[in-house]
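Data first, discussion second: the structure below is written as structure tokens.
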There are 2 protein chains.
Amino acid sequence: MKALVYNAPGEALQFGDYPDPAPGDGEVLVQLRAAALNHRDVFITQGLYPNIRTPSVLGSDGAGLYNGREVIINPGTGWGDNPAYPSRNYQVLGMPIDGTFAQRVLVSADRLASKPAHLSWEQAAALPLGGLTAYRALFTKARLQSGQRVLVTGIGGGVALMTAQLALAAGAEVWVTSGSAEKLQRAKKLGITGGVNYRDADWQKQLSALAVDFDVIVDSAGGEAFAHLVRLCRPGGCIVVYGGGKGLATFSPQHLFWRQISIHGTSMGTDQEFQDMVDFVAQHRITPVVDSVYSLSDGNNAFQRMDRGLQFGKIVFSIPQ
Amino acid sequence: MKALVYNAPGEALQFGDYPDPAPGDGEVLVQLRAAALNHRDVFITQGLYPNIRTPSVLGSDGAGLYNGREVIINPGTGWGDNPAYPSRNYQVLGMPIDGTFAQRVLVSADRLASKPAHLSWEQAAALPLGGLTAYRALFTKARLQSGQRVLVTGIGGGVALMTAQLALAAGAEVWVTSGSAEKLQRAKKLGITGGVNYRDADWQKQLSALAVDFDVIVDSAGGEAFAHLVRLCRPGGCIVVYGGGKGLATFSPQHLFWRQISIHGTSMGTDQEFQDMVDFVAQHRITPVVDSVYSLSDGNNAFQRMDRGLQFGKIVFSIPQ
């Protein structure tokens with residue numbers, strides 16, 4: 001089959017032939033129609049993940065056909081019995097297991113969910129990993145309620161946008177931050193109330209002048225700015241952390257304990273959360289934001305776009321048949 | 001009445017005459033037999049609290065007699081309807097309301113709980129604020145279960161010791177840190193499994209060699225060492241923060257989100273938690289650790305002992321009749 005092959009950290013990916021996977025017991029071969037990029041794919045090509053195996057096929061997000069059924073793939077395997085955290089056997093599709101940046105991918109039969117009918121192949125491929133992480137962050141960790149005020153930092157990323165979209169569908173008032181005025185403008189078209197540019201030195205003052213007392217803040221930056229997030233929370237509110245692009249997070253213990261604030265780390269989610277997320281997306285007819293569609297043969301440009309943080313929404317691959 | 005009077009930030013406290021309070025509707029005058037010091041009392045004398053009013057009487061913890069009944073006082077008033085966080089009207093006895101470092105204190109009648117019969121006056125006075133904060137931290141925030149492994153940092157402080165004692169009574173395995181080898185020795189006599197000296201540069205390595213995968217960590221330090229606490233937690237575990245003596249806390253977002261760890265700020269507790277704590281202490285016959293007993297007239301030496309962090313347990317005042 002044709003695939004986007006990863007040969008070594010730091011090297012360009014190569015589009016070419018790759019051995020067809022052979023299904024074992026309980027496994028199925030999905031004929032992919034679209035796949036989507038995640039930061040983890042970029043981090044792996046930069047050698048930032050342990051246990052890298054090459055040559056291999058990256059990609060956690062995919063949508064395609066199995067036996068004529070239109071499916072999306074749950075990228076997580078082996079979560080285990082405790083919904084609070086994944087077992088040691090948990091792994092995400094696309095390193096070390098070959099992933100979705102190929103014409104076909106091998107998965108357990110129980111990793112398939114029906115593609116929501118209102119989504120194109122590209123939109124469906126944009127959903128799994130970001131939707132799962134966002135769903136667990138908002139509903140399991142933050143226990144989001146209708147009418148609450150939510151802040152999502154770094155809008156533009158796939159998880160951040162999906163978080164904003166799920167929160168809006170749940171009846172929340174959503175605010176955002178971004179480092180780009182253009183992304184803030186685009187976010188407003190999705191129904192977001194407003195936002196500020198975190199590159200402004202006084203962004204937190206600007207935001208406080210517009211909205212206070214956030215019930216839920218969803219962050220993937222960390223860094224020194226994290227201390228401001230604690231101050232932007234209402235008493236009893238919470239911050240959910242699913243990433244840390246700016247490094248070590250800092251906060252004032254006093255601001256946390258006087259105001260009874262919680263910080264929850266989250267990543268991916270359970271099989272139940274995956275199915276609940278797909279059902280929620282279908283019920284509310286949520287359409288993931290697709291930033292751009294690349295052909296697999298143009299994979300290196302897609303990876304570069306994500307590495308530069310230029311995207312607004314998911315970077316998707318159309319898979320040649 | 002006689003009282004330990006606070007006249008101005010930075011000035012020595014004065015033991016002397018102070019106007020007797022006059023009860024209004026729903027208020028009662030408790031004849032105090034003992035009171036106990038908290039860090040907040042010391043911080044207030046250093047001018048570190050807002051809205052300081054002088055002259056005044058400090059003190060949040062007290063035990064005494066009302067109408068022949070032996071009582072301890074719930075130091076918090078006006079928590080409000082939401083158990084998740086206190087209302088804006090919440091206040092703690094002893095600034096701005098006159099507190100327990102006096103022969104008599106005025107409180108609402110509904111602030112009284114029966115003194116657990118197994119406790120002396122000094123032990124009973126040592127219980128309220130520390131017991132309440134520790135109870136909410138362990139049972140409401142961390143949802144501690146029997147058999148879990150708990151780490152309490154800075155053992156020696158009143159809340160830390162009470163946290164360790166409540167956790168032991170709940171069937172947990174308890175570990176501690178301290179800056180003093182002597183305090184570590186004394187802690188072991190309480191039933192604690194072990195501990196390490198946080199002044200050792202490699203304390204977290206020492207601790208990891210002894211015990212791993214803490215279910216619950218209760219911290220009042222913050223600072224750079226906080227990042228180690230996140231690494232010491234088991235996946236899905238939590239850190240409860242009730243103080244921040246070492247200033248800004250830092251942590252790695254990656255260590256938080258990969259391992260699904262939560263951080264909860266907590267301070268004081270609801271009326272229900274106060275009663276539940278008193279019942280738990282009575283049922284398990286827990287005896288708060290009393291570091292030392294001072295007479296009220298020797299108040300400045302008691303404050304200095306706490307300011308220097310010399311204590312192991314609560315610093316208590318015996319009240320002259």
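Among the numbered criteria (1) surrounded by fewer than 18 Cβ atoms within 10 Å (Cβ to Cβ); (2) touching a residue at least 40 places away in the same chain (Cβ under 8 Å), which one does residue B:273 miss?
That leaves (1) as the condition not met.
Residue B:91 fails exactly one of the following numbered conditions: (1) surrounded by fewer than 19 Cβ atoms within 10 Å (Cβ to Cβ); (2) among the polar types (S, T, N, Q); (3) touching a residue at least 24 places away in the same chain (Cβ under 8 Å). What is the number of that condition?
The one condition residue B:91 does not meet is (3).
Pick out the one residue from B:60, B:87, B:56 that is modelled with pLDDT of 95 or more and in contact with a helix residue (DSSP H, G or I) (Cβ under 8 Å, 6 or more places away or on another chain).
B:60
Report whether or not residue A:31 is under 27 Å from residue A:311 (Cβ atoms), free of Cβ contacts under 8 Å to residues at least 40 places away in the same chain, touching a strand residue (DSSP E or B) at 6+ places or on another chain (Cβ under 6 Å) and not aromatic (Phe, Trp, Tyr).
So residue A:31 fails the test.
What tally of residues in segment A:157-172 results from selecting those that are closer than 25 Å to residue A:292 by Cα and either touching a Cys at 6+ places or on another chain (Cβ under 9 Å) or surrounded by fewer than 23 Cβ atoms within 10 Å (Cβ to Cβ) (or both)?
Of the residues in segment A:157-172, 2 are closer than 25 Å to residue A:292 by Cα and either touching a Cys at 6+ places or on another chain (Cβ under 9 Å) or surrounded by fewer than 23 Cβ atoms within 10 Å (Cβ to Cβ) (or both).
When you scan segment B:99-107, do you find a residue that is within 14 Å of chain A (Cβ to nearest Cβ) and part of a loop (DSSP other than H, G, I, E, B), even just one?
no
Can you find a residue that is among the polar types (S, T, N, Q), surrounded by fewer than 24 Cβ atoms within 10 Å (Cβ to Cβ) and assigned by TED's automatic domain parsing to the domain that holds residue B:309 anywhere in segment B:32-44?
No, segment B:32-44 has no match at all.
Name the single residue that is nearest to residue B:155 (Cα to Cα) among those in segment B:211-262 being aromatic (Phe, Trp, Tyr) and within 7 Å of chain A (Cβ to nearest Cβ).
Out of the qualifying residues, it is B:242.
For residue A:134, state whether it is within 14 Å of another protein chain (Cβ to nearest Cβ), of a type in the set (A, V, I, L, M, F, W, C) and either touching a residue at least 24 places away in the same chain (Cβ under 8 Å) or surrounded by 21 or more Cβ atoms within 10 Å (Cβ to Cβ) (or both).
Answer is yes for this residue.
Which of (1) of a type outside the set (Asp, Glu); (2) surrounded by 12 or more Cβ atoms within 10 Å (Cβ to Cβ); (3) not in a strand (DSSP E or B) does residue B:47 not meet, given it meets every other one?
(2)
Run residue A:293 past the list (1) in contact (Cβ under 8 Å) with a residue 40 or more places away in the chain; (2) farther than 23 Å from residue A:188 by Cα; (3) assigned to a strand (DSSP E or B) and report the number of the one that doesn't hold.
Against the list (1) in contact (Cβ under 8 Å) with a residue 40 or more places away in the chain; (2) farther than 23 Å from residue A:188 by Cα; (3) assigned to a strand (DSSP E or B), residue A:293 comes up short only on (2).
Collect the residues in segment A:177-210 that are touching a Gly at 6+ places or on another chain (Cβ under 8 Å) and either within 13 Å of chain B (Cβ to nearest Cβ) or surrounded by fewer than 16 Cβ atoms within 10 Å (Cβ to Cβ) (or both), keeping them in residue-number order.
A:188, A:197, A:199, A:210, listed by residue number.
Could you check, for segment B:61-78, whether at least one of its residues is of a type outside the set (Lys, Arg), out of contact with any Lys or Arg (no Cβ under 8 Å at 6 or more places or on another chain) and farther than 30 Å from residue B:118 by Cα?
no
Does any residue of segment A:8-25 turn out to be in a helix (DSSP H, G or I), in the same structural domain as residue A:108 (by TED's automatic domain parsing) and of a type in the set (S, T, N, Q)?
No: zero hits.
May I ask you to list the residues in segment A:127-150 that are part of a loop (DSSP other than H, G, I, E, B) and in contact with an Asp or Glu (Cβ under 7 Å, 6 or more places away or on another chain)?
A:148
For segment A:272-295, indicate whether the set of residues that are hydroxyl-bearing (Ser, Thr, Tyr), modelled with pLDDT of 95 or more, under 15 Å from residue A:122 (Cβ atoms) and over 16 Å from the mean Cα position of the chain (by Cα) is non-empty.
Yes - at least one qualifying residue is present in segment A:272-295.
Check residue B:314 against each of (1) touching a Pro at 6+ places or on another chain (Cβ under 9 Å); (2) outside the structural domain of residue B:119 (by TED's automatic domain parsing); (3) buried (at least 19 other Cβ atoms within 10 Å of the Cβ) and name the one condition it does not meet.
The one condition residue B:314 does not meet is (2).
If I ask for residues that are crowded, with 17+ Cβ neighbours inside 10 Å, touching a Gly at 6+ places or on another chain (Cβ under 6 Å) and not in a strand (DSSP E or B), which ones from segment B:52-85 would you list?
B:58, B:59, B:60, B:85 - these are the residues of segment B:52-85 that are crowded, with 17+ Cβ neighbours inside 10 Å, touching a Gly at 6+ places or on another chain (Cβ under 6 Å) and not in a strand (DSSP E or B).
The values are calculated or read from the model by the stated rules, or taken from the named source; none is laboratory data. Nothing here was measured: the structure is a model prediction, and the numbers come from that model. Ideal geometry is used to build each Cβ from the backbone, glycine not excepted, and the neighbour counts take in all protein chains shown.
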